[in-house]
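Data first, discussion second: the structure below is written as structure tokens.
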Amino acid sequence: MTADVLRKKFLDFFKTKKHKIVESDSLVPAGDPTVLFTPAGMNQFKKEFLGLVTGFRRAASSQRCLRTDDLDKVGITPVHHTFFEMLGNFSFGDYFKEDAICWAWEFLTEELGINKDKLWVSVYKDDMDAYKIWKDKVGIKSERIIKLGDHDNFWPADAKIKGPNGPCGPCSEIFFDFGKDVGCGEQVCDPTCSCGRFAEIWNLVFTQFNRKEGGALEPLPNKNIDTGMGLERLTAVMQGAKNNFETELFQPIIKEIIRKLSPKGTVPEKELTYAIADHLRAIVFAIYDGVLPSNEARGYVVRKLIRKCSMHLRSLGIKEAFLYKLVPVLAQIMKTPYPELTERQENIAQIILAEEKGFFATLDSSSNLFNEKFKDLKKESNPQKIGLIAFQLYDTYGIPFELTKDWLDKNKLKISLEAFQAELEKQKNRSKSQSAMKGDVFDVKELHLNAKATKFSGYKKYETKAKILKIVRGNTQLKKISKGEEAKIILDTSCFYAESGGQVGDTGKIIKGKNIFKVSDTQKFDQVIVHSGILKDGSLRVGDEVIAWVNSERRLSIARNHTATHLLQAALRKILGKHVKQQGSLVAEDRLRFDFTHFKDVSIEELERIEEEVNVFILDNHSLEAKEMTLSAAKKTNALAFFAEKYSGKVRVVSVGDFSKEFCGGTHLDSTAQIGLFKIIHEGSVASGVRRIEAVTGVAAYKLVRSYEATLDNLKSLLNTTNDKIILEAEKRIGRLKDLEKELNSEKSRAASEQAGDFLNNAQEINGIKLVCGLAVNTDMNFLRGQVDLIKEKSANNTIVALGSDNNGKAMLVVGVSDDLVQKGIDAAALVRQISPGIGGSGGGRKDFAQAGGSKPENLQAAFKSLEDIVRGL
């Protein structure tokens, strides 16, 4: 039975049990500060678990998840993964233990046909309810029911003692027994044994308590069910595989790696191919959900996984970029649940390729990197510090420890392995904490704003009658606010657009006669629109009938920019190619910003064509059409969707002519001509494979053009010419400046040569060595270096040069030694180190040239005298 069949069977089964089938949430949990990536199926239902009514009390999903807490085990064990799909069924104050247990048993034994004698279960040691249901209702023999403690069968693990606070409860796990022939072979073996005979396939969590500060558990008024079953593990069990990596979810990727290696006759290590196959899934779906490789947070995890794969591939003998070639293989495997992945596979592959190339460039330049990082430790070795730097190279740059160790050995630098290992252990703990929940289990922002969904009337209206439902400040609900007080107001209906999809929230006023609340921002939490601001005059109470008034001029400017982003994406796809997809946007009153996938620089000519294309769309005055339809119907129209957005059952599709069609809930114009003018102000790279265009429209674009014209007028006046001759006149003036610069440089060179000659004429001869010393007035270090070079050109043998200068109270000193004296063992750096303390400083350099700085320029002559004494002693 394939994974695709199992996924469908699970969701169809719970659909018959009256569960709402909910699409997988993104790997990037929206508005959830407790996790870095979505680690489980329950995360998208936090508000439902807290009792917020959202239209359903039962749900089931196949959630894509990403965890980094067991990264070092991936590929080594048969069951650990970074990316996996979690099948789950959930109840929010509806059914409880009996139904959850019985349905799980029914699905496994009747729907999938698993032999009942192959299944064992565990229960929490104090949960007699679950024990009795398994024993008496389901009919499992007591010897196949094991009781476990707080760490294994309570969720979150050890929550009673260690926290976090919030909903928690006992759990019950279902295990598959591969049989006595597998594992340790001991007569007494049960699921607590780690020999591999038993595989945990389903965890049923009974959320029935609320943990308070100090560890007290109080019963929840509404008890919940949260279950999770790994699709990869279930697939392995149903296919008789002892290892998840032996299923069709991984094998095509592994076989493609083996095919690449087969001409070389290499037999790959299974652990490495397994890890690559696993990490590829995590990398691709993270990018699919908008996480791009970077050095921060989620992007850092993606970058690290790509680099680990690259090193694994190198260990297998694949030295060139290859990981990106596996993306189409994965897209084919996942095409049933994720058909969009096939459409985006080229974009994702190009992002991975760019990252692979960047990493290989880092590896190729590793010697330079080592020299830079360890340069201060070559003279005075510090094994502890070297260990810390070695970890930094491993963690930040992806440089394998073995590569660093080889370089250190060649350069005779000792490393503290303990220091490296200690930092590595800290990093592993950080990875675990990123997958673990932080703070309270259910940290839901703005939960206190719980209210009925706000009716939005702002697509066509700028003003509407409304009633105040709630007034909130902080976490406190108020009955009334007075002049000068800040608050958040919730209305039953609103024409204010709340910040969403990159578009900023509306501003305006909420008015009742002479009582005026100035709205400075509008946000939305679930379906509740929240108006933030300050009461300018009078007072307002809950229940007041008011007028909601939007700043229509500002809204119109925002709409110009929003409609322009749609035109911009259409132009980009026409000129650069269909691979262009939105990666993010900002639609504000004064500007727009649009991020898109593209894998090379956008030329000036292309940028001009893009701007021109958008302005042609504007001048052609195309009408806009917005339609609300079901998500499935919208997908059939081939409308573009921004992958990072989560779309509900109904969506709004905005069309412009026959060239633009996008999912969009934002506010727009009636026709393109209302934009007026579109001007690009900046284009550049923001991440690997992602470009950004910033632009202005309407009045802002007109003002920008006027500023260009004003600059042109000023330039015309300065050059005393006409518009058609500005370039010619500017070129003429620049040419003249270059000629003057040449003349000036020639004069400087002549003067410098003369001064070098003067210094040389005043040289002393000591023991056959020509010693040139002198002070230069009002100069810098570059001039002094140049003088040393000139003197050494004029006197190439048996010459030592020492020059100094007082630069704003700071001493500057340079020493040069001719090549023949260097060969005889005279070292400029050693000479500088001997005489620089006299000028209150220190210095260093090469054998033929060295320099120093100090705080006592008045002692430069004394330094020259010290040098003279040294030369006499040679």
Q | Top-ranked residue in the stretch 816-830 [being farther than 23 Å from SER749 by Cβ and crowded, with 22+ Cβ neighbours inside 10 Å; ranked as farthest from the chain's Cα centre (by Cα)] | A | VAL817
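Can you tell me which of VAL696, VAL690, VAL788 is surrounded by 18 or more Cβ atoms within 10 Å (Cβ to Cβ), closer than 30 Å to LEU572 by Cα, under 56 Å from the mean Cα position of the chain (by Cα) and modelled with pLDDT of 90 or more? Don't jump to the end; show me each part of the working.
Numbers: VAL690 fails: modelled with pLDDT of 90 or more; VAL788 fails: closer than 30 Å to LEU572 by Cα.
Just one listed residue meets the conditions, VAL696.
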**Q.** Among residues of the stretch 731-774, those that are under 23 Å from LYS865 (Cβ atoms), in a helix (DSSP H, G or I) and open to solvent by 70 Å² or more (accessible area, probe 1.4 Å), counted
**A.** 2
Q: Check SER142 against each of (1) surrounded by fewer than 20 Cβ atoms within 10 Å (Cβ to Cβ); (2) of a type in the set (Gly, Ala, Ser); (3) under 23 Å from GLU218 (Cα atoms) and name the one condition it does not meet.
A: (3)
**Q.** Complete set of residues in the stretch 1-26 that are touching a helix residue (DSSP H, G or I) at 6+ places or on another chain (Cβ under 7 Å), part of a loop (DSSP other than H, G, I, E, B) and at pLDDT 95 or above
**A.** LYS17
Q: Return yes when ALA811 is at negative phi, touching a residue at least 40 places away in the same chain (Cβ under 8 Å), buried (at least 21 other Cβ atoms within 10 Å of the Cβ) and small (Gly, Ala, Ser) and no when it is not.
A: yes
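From the set of residues in the stretch 498-520 that are under 27 Å from the mean Cα position of the chain (by Cα) and open to solvent by 40 Å² or more (accessible area, probe 1.4 Å), which is farthest from SER552 (Cα to Cα)?
The initial filter retains those residues of the stretch 498-520 that are under 27 Å from the mean Cα position of the chain (by Cα), namely 498-505.
This time we only want the ones that are open to solvent by 40 Å² or more (accessible area, probe 1.4 Å), so: 499-500.
Details: GLU499: 16, SER500: 18 Å.
Per the criteria, the residue is SER500.
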Q. Going through the stretch 596-606 one residue at a time, which ones are more than 23 Å from ILE675 (Cα to Cα) and part of a helix (DSSP H, G or I)?
A. ILE604, GLU605
Q: Can you tell me which residue within the stretch 559-585, out of those that are touching a helix residue (DSSP H, G or I) at 6+ places or on another chain (Cβ under 8 Å) and assigned to a strand (DSSP E or B), is nearest to GLU613 (Cα to Cα)?
A: GLN582
Q: Inspect all residues belonging to the stretch 81-100 and state whether any of them is closer than 23 Å to ARG197 by Cβ and free of Cβ contacts under 8 Å to residues at least 24 places away in the same chain.
A: no
Q.
Taking the conditions exactly as written (farther than 27 Å from PHE10 by Cβ and assigned to a loop (DSSP other than H, G, I, E, B)), does PRO268 satisfy them or not?
A. yes
Q: Could you please let me know if TRP134 is buried (at least 17 other Cβ atoms within 10 Å of the Cβ), in contact with a strand residue (DSSP E or B) (Cβ under 7 Å, 6 or more places away or on another chain) and either at pLDDT 95 or above or at negative phi (or both)?
A: yes
Q | Failed condition for LEU469, given (1) touching a Gly at 6+ places or on another chain (Cβ under 9 Å); (2) farther than 30 Å from PHE596 by Cβ; (3) of a type in the set (A, V, I, L, M); (4) surrounded by 18 or more Cβ atoms within 10 Å (Cβ to Cβ) | A | (4)
**Q.** Failed item, numbered, when LYS770 is tested on (1) within 18 Å of LEU860 (Cβ to Cβ); (2) more than 51 Å from the chain's Cα centre (by Cα)
**A.** (1)
Q.
If VAL550 satisfies all but one of (1) more than 27 Å from the chain's Cα centre (by Cα); (2) of a type in the set (A, V, I, L, M, F, W, C); (3) modelled with pLDDT under 95, what's the number of the condition it fails?
A. (3)
Q) Somewhere in the stretch 309-316, is a residue over 30 Å from LYS410 (Cβ atoms), open to solvent by 10 Å² or more (accessible area, probe 1.4 Å) and part of a helix (DSSP H, G or I)? A) no
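May I ask you to say which residue of LEU119, LEU66, LEU112 is more than 27 Å from GLY163 (Cβ to Cβ), touching a strand residue (DSSP E or B) at 6+ places or on another chain (Cβ under 9 Å) and either modelled with pLDDT under 95 or open to solvent by less than 30 Å² (accessible area, probe 1.4 Å) (or both)?
Details: LEU66 fails: more than 27 Å from GLY163 (Cβ to Cβ); LEU112 fails: touching a strand residue (DSSP E or B) at 6+ places or on another chain (Cβ under 9 Å).
Exactly one of LEU119, LEU66, LEU112 is more than 27 Å from GLY163 (Cβ to Cβ), touching a strand residue (DSSP E or B) at 6+ places or on another chain (Cβ under 9 Å) and either modelled with pLDDT under 95 or open to solvent by less than 30 Å² (accessible area, probe 1.4 Å) (or both), namely LEU119.
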Q.
Just the residues that are free of Cβ contacts under 8 Å to residues at least 40 places away in the same chain and either charged (D, E, K, R) or open to solvent by 10 Å² or more (accessible area, probe 1.4 Å) (or both), please, taken from the stretch 796-806.
A. ALA796, ASN797, ASN798
Q: Residue by residue through the stretch 75-101, note down the ones that are open to solvent by less than 10 Å² (accessible area, probe 1.4 Å), under 24 Å from MET334 (Cα atoms) and at pLDDT 95 or above.
A: THR82, PHE83, GLU85, LEU87, GLY88, ASN89
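On the basis of being within 23 Å of LEU330 (Cα to Cα), assigned to a helix (DSSP H, G or I), open to solvent by 10 Å² or more (accessible area, probe 1.4 Å) and charged (D, E, K, R), does LYS47 make the cut?
Values: within 23 Å of LEU330 (Cα to Cα): no; assigned to a helix (DSSP H, G or I): yes; open to solvent by 10 Å² or more (accessible area, probe 1.4 Å): yes; charged (D, E, K, R): yes.
Spelling it out, it is not the case that LYS47 is within 23 Å of LEU330 (Cα to Cα), assigned to a helix (DSSP H, G or I), open to solvent by 10 Å² or more (accessible area, probe 1.4 Å) and charged (D, E, K, R).
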Q | Subset of the stretch 775-818 (residues that are over 15 Å from ALA852 (Cβ atoms) and assigned to a loop (DSSP other than H, G, I, E, B)) | A | VAL777, ASN778, THR779, SER795, ALA796, ASN797, ASN798, ASN808, GLY809, SER818
Q: Go through the stretch 218-240 and count every residue that is open to solvent by 50 Å² or more (accessible area, probe 1.4 Å), part of a strand (DSSP E or B) and closer than 17 Å to GLY196 by Cα.
A: 0
Q) Hey, which of the strands (runs of 3 or more DSSP E) in the stretch 444-530, taking only ones fully inside, have at least 2 residues that are within 23 Å of PHE642 (Cα to Cα)? A) 515-525
Q: Output the residue which, of all residues in the stretch 640-666 that are at pLDDT below 90 and out of contact with any strand residue (DSSP E or B) (no Cβ under 9 Å at 6 or more places or on another chain), is least open to solvent (accessible area, probe 1.4 Å).
A: SER648
Q. Name the pairs: first residue in the stretch 492-514 and closer than 15 Å to GLY533 by Cα and at pLDDT 95 or above, second residue in a loop (DSSP other than H, G, I, E, B) and open to solvent by 40 Å² or more (accessible area, probe 1.4 Å), Cβ to Cβ under 6 Å, at least 6 apart or on different chains?
A. GLY505/GLU499; THR507/ASN551; GLY508/ASN551
(Q) Among the residues of the stretch 245-258, are any in contact (Cβ under 8 Å) with a residue 60 or more places away in the chain, open to solvent by 10 Å² or more (accessible area, probe 1.4 Å) and outside any helix (DSSP H, G or I)? (A) yes
Q) Hey, among the residues in the stretch 341-374 that are of a type in the set (D, E, K, R) and open to solvent by 60 Å² or more (accessible area, probe 1.4 Å), which one's farthest from PRO252 (Cα to Cα)? A) GLU372
Q. If you check ARG593, ARG609, which single one turns out to be touching a residue at least 12 places away in the same chain (Cβ under 8 Å), assigned to a helix (DSSP H, G or I) and open to solvent by 40 Å² or more (accessible area, probe 1.4 Å)?
A. ARG609
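The values are calculated or read from the model by the stated rules, or taken from the named source; none is laboratory data. Since the structure is predicted, the reported quantities are computational estimates derived from the model, not experimental observations. We place every Cβ from the backbone using ideal geometry, glycine too, and count neighbours over all the protein chains shown. Side chains are part of the model used for accessible areas, which takes the heavy atoms of the whole protein and leaves out ligands, DNA and RNA. Shrake-Rupley method; radii C 1.70, N 1.55, O 1.52, S 1.80 Å.
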